[in-house]
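Just so it is clear, none of the values below were taken in a lab; they were calculated from the coordinates. None of these values were measured; they are calculated from a predicted model. Note that we place each Cβ from the backbone using ideal geometry, even for glycine, and neighbour counts take in every protein chain shown.
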Ligand SMILES: Nc1ncnc2c1ncn2[C@@H]1O[C@H](COP(=O)(O)OP(=O)(O)O)[C@@H](O)[C@H]1O
Ligand SMILES: [Mg+2]
């Protein structure tokens, strides 16, 4: 069961990302959030706003070429991951996927490794709609579903 939201401009995408950051526990190490949507849908915009809201103060580049960018947050580590160039779940191990398990993972193009959905907590699907974007939020685990239920859309 998902919730749908209209995101008329980039600021509303960032605002949703900040609301989700606020709905996570104080230590979100081990969580995985899947960011789906075509090129330009706002996946990196969302991840960047989340990381900054969680306390990262530096620049957040797109991990398109590096595949994984680590971020030291107050209290735990986060990984911004882009699987666009991954062709199978096997390649995740090659990437050192299991080394990332204690961090908060924000994953762009999770469709490239379908096994991921089984271990993930939340799926955010972004799509083009009415000149802006629309988001579909789905809880994939019990804790993820609970976090979405606590989401404060007004913030
Ligand atoms: N809700 C929105 N409405 C309109 N433009 C948006 C919205 N959210 C993000 N954008 C813009 O769309 C672009 C998305 O780029 P990016 O986040 O890199 O996409 P992706 O990572 O999905 O390829 C950015 O220029 C951003 O400012
Ligand atoms: Mg991106």
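Remarks
- Taking first residues from region 61-75 that are under 13 Å from residue 50 (Cα atoms) and partners that are assigned to a loop (DSSP other than H, G, I, E, B), the Cβ contacts under 7 Å between residues at least 6 apart in sequence or on separate chains come to 71/56; 73/54; 73/55; 73/56.
- Enumeration of residues in region 14-39 that are farther than 15 Å from residue 121 by Cβ, surrounded by fewer than 23 Cβ atoms within 10 Å (Cβ to Cβ) and touching a residue at least 60 places away in the same chain (Cβ under 8 Å): 15, 18, 19, 22, 37, 38
- Being closer than 12 Å to residue 31 by Cβ, assigned to a strand (DSSP E or B) and within 11 Å of the chain's Cα centre (by Cα) is a condition met by at least one residue of region 119-135.
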